[in-house]
1. All other residues with a Cβ under 13 Å from the Cβ of His375 taken together, and with Lys, Arg as +1 and Asp, Glu as -1, what is their net charge?
2. Residue-wise, which Karplus ³J(HN,Hα) couplings in Hz belong to the range 6-22, taking 6.51 cos²θ - 1.76 cosθ + 1.60, θ = phi - 60°, and x for glycine or proline?
3. With respect to the cross-link table entries Lys314/Lys392; Lys372/Lys435; Lys76/Lys426; Lys241/Lys388; Lys251/Lys392; Lys314/Lys338, which display a Cα-Cα separation exceeding 29 Å?
4. Can you list the lysines whose alpha carbon is less than 26 Å from that of Lys215, not counting same-chain residues fewer than 8 positions off?
5. Mind listing the phi-derived Karplus ³J(HN,Hα) values for the range 305-315, rounded to whole Hz, using 6.51, -1.76 and 1.60 with θ = phi - 60°, and x for any glycine or proline?
6. Could you tell me what percent of the accessible area of the range 291-441 is made up of carbon and sulfur, with a 1.4 Å probe and every protein chain present?
7. Under the √(5λ) rule applied to the eigenvalues of the Cα gyration tensor, what semi-axes describe the equivalent ellipsoid of the range 340-441? Give them in Å, descending.
8. Please list, in order along the range 420-425, the HN-Hα scalar couplings obtained from phi with the Karplus expression 6.51 cos²θ - 1.76 cosθ + 1.60 (θ = phi - 60°), rounded to whole Hz, x for Gly and Pro.
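The values are calculated or read from the model by the stated rules, or taken from the named source; none is laboratory data. On a predicted model such as this, the values are computed, not experimentally measured, just so you know. With ideal geometry, Cβ positions are generated from the backbone for all residues, glycine too; neighbour counts draw on all protein chains shown. The area values use the complete protein model at the heavy-atom level, side chains included, leaving out ligands, DNA and RNA. Shrake-Rupley method; radii C 1.70, N 1.55, O 1.52, S 1.80 Å.
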Amino acid sequence: MRTRLATKLDAMLEPWFPERRLFLRSDSDTRFIRLRPATQLIAFAGSASVVAWAIVATAILLMDSIGSGNFREQAKRDQRTYENRLNLLAEERDTRAAEAMAAQNRFNLALEQISDMQSQLLASEIARAELETGIEVIQSNLRDTMDQRDEARGRLAVMQQIGDPLGQNRKVEGSDDTLDFMVAALADTAAERDQILADAKQALKDAEDLEFQIKLMEDQNDQIFRQLEDAMTISVEPLDKMFRAAGLSTKSLIDQVRSNHDGQGGPLMPMSFSTKGEEPSADELRANRILRQLDHLNLYRIAASKAPFAKPVKDAVRFTSGFGYRRDPKTGGRRLHKGADFAGPTGTPIYSTADGVIVHAGWSSGYGRLIKIQHEFGIETRYAHLSKIRVKVGQRVSRGQRIGDMGNTGRSTGTHLHYEVRVGGKPANPMIYIKAANDVF
């Protein structure tokens, strides 16, 4: 039955694949191999499959190479954009802080000038009151003197009638001298009073001009304060959103950073108030609130540098496996894949995703060559299947520092990096941190 089917198949394929014989000749013998149409068809199909596989594989590699180049350029552009934005935020923060300090200095100077003007005005009022009192005394003395003069003139007339003109003339002459002295003193006092009144009016005018200038400075300070408050809101909200997206408590993070960085001093220190028992002004409270927000932003920046909000690989790589449960090819059961896998060429640089301390750098069972970094906030990162380790246990590393090379050691089916993030000893999805940072930076 099988021979009949083979014969019929050969007869059907004979027009396209005629039977051929391949002769093999040696010194003592000649042999031939008979190539039936079915055999030729199988050989042709196999060759066509190999050629098709080669074409498809070449196309896939070419497309992957093109995609990797685009990803590399995009990563570089994102990095430049992130660096430029950080520089702009830092410059704007420093500029706003300098403007706030300059405005506060101008405001304090204006307050001092107003205080001096008020002191001068008060002194002028006191002097004027004293002069008015003195004028009243002089006027009273003048009236008494005029009364005495009239009385003296009456006595003079009486004495002239009784024949003693010489003595009376001496008395009248003495009374006239006293009167002239009192009149001159009164005139001087009146002139001094007029001058004091003129100085007081000028002081009031200067105070009004100064109040107008203070009003202008207050408006300018209010505009600066609004710009600073808007800048703080724009800068802090994305960072807060980034930490919350990663499942971290911003309050506990900031408290921990503040406890580890408790040094004080510099332009971000809140301004001290008067010790005279006066309540702080609204501008002083507002300026201190902005300074506290700037300090809060700085704490966020420190926390961001100490949490793994970065990519462990900067070169073009392929994301091959994510965090979660997947089927174990050996046991057939489901097991938790505790990290994320990034595939690339052997020797691809691996970088630390945050500041920390190396707690393990060596071989570890299925991980192969493994690096563990302990970060703050109870976070640990792991970098597995490395071909080379470039750090030692106990060494402090910074964010972005090269720590090893990508490899294929341990339980691995190809060259890749297995990257883990653990919070409090429990595995967390690393892509949450990477995506949270990408949304902000």
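1. Details: positive: Lys306, Lys372, Arg382, Arg396, Arg399, Arg422; negative: Asp355, Glu376, Glu380, Glu420.
Summing Lys and Arg as +1 and Asp and Glu as -1 gives +2.
2. Karplus values, whole Hz, x for Gly and Pro: 5, 5, 4, 5, 5, 5, 5, 8, 4, x, 9, 10, x, 4, 10, 10, 10.
3. On the way: Lys314/Lys392 22 Å; Lys372/Lys435 22 Å; Lys76/Lys426 32 Å; Lys241/Lys388 36 Å; Lys251/Lys392 33 Å; Lys314/Lys338 21 Å.
Among Lys314/Lys392; Lys372/Lys435; Lys76/Lys426; Lys241/Lys388; Lys251/Lys392; Lys314/Lys338, the Cα-Cα distance tops 29 Å for Lys76/Lys426; Lys241/Lys388; Lys251/Lys392.
4. Reachable lysines: Lys201, Lys205, Lys276.
5. So the Karplus estimates, Gly and Pro as x, are 6, 9, 9, x, 9, 7, 8, x, 10, 9, 6 Hz.
6. On the way: 3260 of 6740 Å².
Heavy-atom surface of the range 291-441 belonging to carbon and sulfur, 1.4 Å probe: 48 percent.
7. Working: eigenvalues 77, 51, 35 Å².
Each semi-axis is the square root of five times an eigenvalue, giving 20, 16, 13 Å.
8. With coefficients 6.51, -1.76 and 1.60, one gets 10, 10, 10, 10, x, x Hz.
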